[in-house]
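Enquirer: What follows is a structure written as structure tokens; I'll ask about it next.
The values are calculated or read from the model by the stated rules, or taken from the named source; none is laboratory data. Bear in mind that the values here come from a model prediction, so they are computed numbers and not experimental data. Cβ: placed from backbone, ideal geometry, glycine included. Neighbour counts: every protein chain shown. The accessibility values were calculated without ligands, DNA or RNA, using every heavy atom of the protein model including side chains. Shrake-Rupley method; radii C 1.70, N 1.55, O 1.52, S 1.80 Å.
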Amino acid sequence: MKLAMIGFGQAGGKIVDRFLEYDDRTNSGIVRAALAVNSAKADLIGLDYIPQENRVLIGQARVKGHGVGADNELGAEIAEEDIDEVQNAIDAIPTHEVDAFLVVSGMGGGTGSGGAPVLAKHLKRIYTIPVYGLGVLPGTDEGGIYTLNAARSFQTFVREVDNLLVFDNDSWRQTGESVEGGYDQINEEIVRRFGILFGAGEVGQGQEVAESVVDSSEIINTLSGGGVSTVGFASEDVELNTGGGLLSRFTGSDGGDDGLDAANTTNRITSLVRKAALGRLTLPCEIEGTERALLVLAGPSEYLNRKGIERGRKWLEEETGSMEVRGGDYPREEPEVAAAILLSGVTNVPRIKRLQQVAIEAQDNIDDIQRESEENLESLVEDDEDELEPLF
């Protein structure tokens, strides 16, 4: 699948930058064009892979390149005011070669949280290709203002895109990690999962064609109903030869002359699919009631057993209750077999309900603090008002 990726804000820019690095490393060819949009000059300078001419600084008249300070209302206003500058950069994208736009942003900050939904709305008005969002939720330990920003951004973003893929930092932060180290690890997890998902079906010169191809239309159809999506992932290391070792561990065979044991490979693939669906999702949720799903099995072709994939797909149908479960393989010469599962149209998401509840409480607290602050200032000043006259 060929994507035009636009990273909005600090988190969005870093994730798109990491996608370009992944493309270089794996030769997957997912990112047809990449832009970074930000109101903070320093964040744009810190990127490594997005070309200099594709970094767009907005809001200079209002914030002078210093960012919006977690004020996502200001972020939205700046995006509206400077949308033509962003469009000028998008005009250079060969959209006839692109299957979809992917607008990437963190939802807890200011610029991306406010600006990404504005950009998505703009793109949908102009282009006929799908516009997807990839939104990253802040951890609950990041504070009330970020939670409030995320709840408001989520509510708006999900309405303006054809589908919102969500990644929840809370589920992935490890205790004792540095902030930078934690975000680097999280970004790597995001790129790894979505890289396999969007990379399926892409065949380069001399590469093997999948038995059951997952092309861009399969992904588009899975995402077509709108709403919220989450991705499950599981992998096992293998060796790229048939000399035993890790290969034996995956297949359950002794790595003998008869090659891979089909029955064991089938069972291992089915087990991998279950692990991907029932393990750590990018957005934790109940998978029952999922509207549509897509299963991609990636790895060296000798490990991609069609019967295993079909059995995994059938199991996924039963678990989700969905009649729309697509599946296929993605041959690639990496020393692992990986299962990526896209669950689209999920509705039983306790994390979103909690986020909204905490945001409402934070909003009430902010209103109370504001009122109390005004009253305290009034009482502080009025004591002297009888004796002193103001300047004007």
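Enquirer: Return the residues of the range 2-48 that are among the basic types (Lys, Arg) and in contact with a Leu (Cβ under 8 Å, 6 or more places away or on another chain); say none if nothing qualifies.
Expert: Step one: of the range 2-48, the residues among the basic types (Lys, Arg) are 2, 14, 18, 25, 32, 41.
Hits for the range 2-48 are LYS14, ARG32, LYS41.
Enquirer: Another question, then. Do any helices (runs of 4 or more DSSP H) lying entirely in the range 61-152 carry at least 1 residues that are open to solvent by less than 10 Å² (accessible area, probe 1.4 Å) and under 20 Å from LEU283 (Cβ atoms), and which ones are they?
Expert: On the way: elements: 72-81, 83-90, 111-126.
Filter on the range 61-152 gives 111-126.
Enquirer: Give GLU160, GLU188, GLU142, GLU177 a once-over and let me know the one that is at pLDDT 95 or above and not small (Gly, Ala, Ser). Give the steps one after another, and end with the answer.
Expert: Values: GLU188 fails: at pLDDT 95 or above; GLU142 fails: at pLDDT 95 or above; GLU177 fails: at pLDDT 95 or above.
Testing whether each residue is at pLDDT 95 or above and not small (Gly, Ala, Ser) leaves just GLU160.
Enquirer: Applying the selection to the range 329-354, what residues are over 23 Å from the mean Cα position of the chain (by Cα) and assigned to a loop (DSSP other than H, G, I, E, B)?
Expert: Step one: filter the range 329-354 for residues over 23 Å from the mean Cα position of the chain (by Cα), giving 331, 333, 335.
Correct list: GLU333, PRO335.
Enquirer: Here's a follow-up. For SER248, indicate whether it is out of contact with any Leu (no Cβ under 8 Å at 6 or more places or on another chain) and at pLDDT 80 or above.
Expert: Working: out of contact with any Leu (no Cβ under 8 Å at 6 or more places or on another chain): yes; at pLDDT 80 or above: no.
Judged against the criteria, SER248 is not a match.
Enquirer: Now, a different point. Scanning for something in a loop (DSSP other than H, G, I, E, B) and surrounded by fewer than 21 Cβ atoms within 10 Å (Cβ to Cβ), does the range 266-279 turn up at least one residue? Show your work before the answer.
Expert: Narrowing the range 266-279 to residues in a loop (DSSP other than H, G, I, E, B): 279.
In the following step, the residues that additionally are surrounded by fewer than 21 Cβ atoms within 10 Å (Cβ to Cβ) were identified as 279.
Yes: the range 266-279 contains one or more residues that are in a loop (DSSP other than H, G, I, E, B) and surrounded by fewer than 21 Cβ atoms within 10 Å (Cβ to Cβ).
Enquirer: Are any of the residues in the range 305-328 part of a strand (DSSP E or B), in contact (Cβ under 8 Å) with a residue 12 or more places away in the chain, crowded, with 16+ Cβ neighbours inside 10 Å and touching a Phe, Trp or Tyr at 6+ places or on another chain (Cβ under 9 Å)?
Expert: Checked against the condition, which is being part of a strand (DSSP E or B), in contact (Cβ under 8 Å) with a residue 12 or more places away in the chain, crowded, with 16+ Cβ neighbours inside 10 Å and touching a Phe, Trp or Tyr at 6+ places or on another chain (Cβ under 9 Å), the range 305-328 yields no hits at all.
Enquirer: Within the range 338-346, is there a residue that is within 24 Å of GLU236 (Cα to Cα), touching a helix residue (DSSP H, G or I) at 6+ places or on another chain (Cβ under 8 Å) and open to solvent by 50 Å² or more (accessible area, probe 1.4 Å)?
Expert: Quick first cut of the range 338-346, residues within 24 Å of GLU236 (Cα to Cα) only: 338-343.
Checking the rest, the ones that are also touching a helix residue (DSSP H, G or I) at 6+ places or on another chain (Cβ under 8 Å) come to 338-343.
After this cut, where a residue has to be open to solvent by 50 Å² or more (accessible area, probe 1.4 Å) as well, the list is none.
No, there is no match, as no residue in the range 338-346 is within 24 Å of GLU236 (Cα to Cα), touching a helix residue (DSSP H, G or I) at 6+ places or on another chain (Cβ under 8 Å) and open to solvent by 50 Å² or more (accessible area, probe 1.4 Å).
Enquirer: Here are some residues: ALA40, ALA11, ALA4, ALA70. Which one is touching a residue at least 40 places away in the same chain (Cβ under 8 Å), of a type outside the set (Lys, Arg), in contact with a Ser or Thr (Cβ under 9 Å, 6 or more places away or on another chain) and over 16 Å from GLY114 (Cβ atoms)? Even if it seems obvious, please write down each step before you answer.
Expert: Values: ALA40 fails: over 16 Å from GLY114 (Cβ atoms); ALA11 fails: over 16 Å from GLY114 (Cβ atoms); ALA70 fails: over 16 Å from GLY114 (Cβ atoms).
Just a single option satisfies the conditions, and that option is ALA4.
Enquirer: Residue check: is ILE78 under 30 Å from GLY345 (Cβ atoms), out of contact with any Phe, Trp or Tyr (no Cβ under 8 Å at 6 or more places or on another chain) and among the β-branched types (Val, Ile, Thr)?
Expert: On the way: under 30 Å from GLY345 (Cβ atoms): no; out of contact with any Phe, Trp or Tyr (no Cβ under 8 Å at 6 or more places or on another chain): yes; among the β-branched types (Val, Ile, Thr): yes.
Spelling it out, it is not the case that ILE78 is under 30 Å from GLY345 (Cβ atoms), out of contact with any Phe, Trp or Tyr (no Cβ under 8 Å at 6 or more places or on another chain) and among the β-branched types (Val, Ile, Thr).
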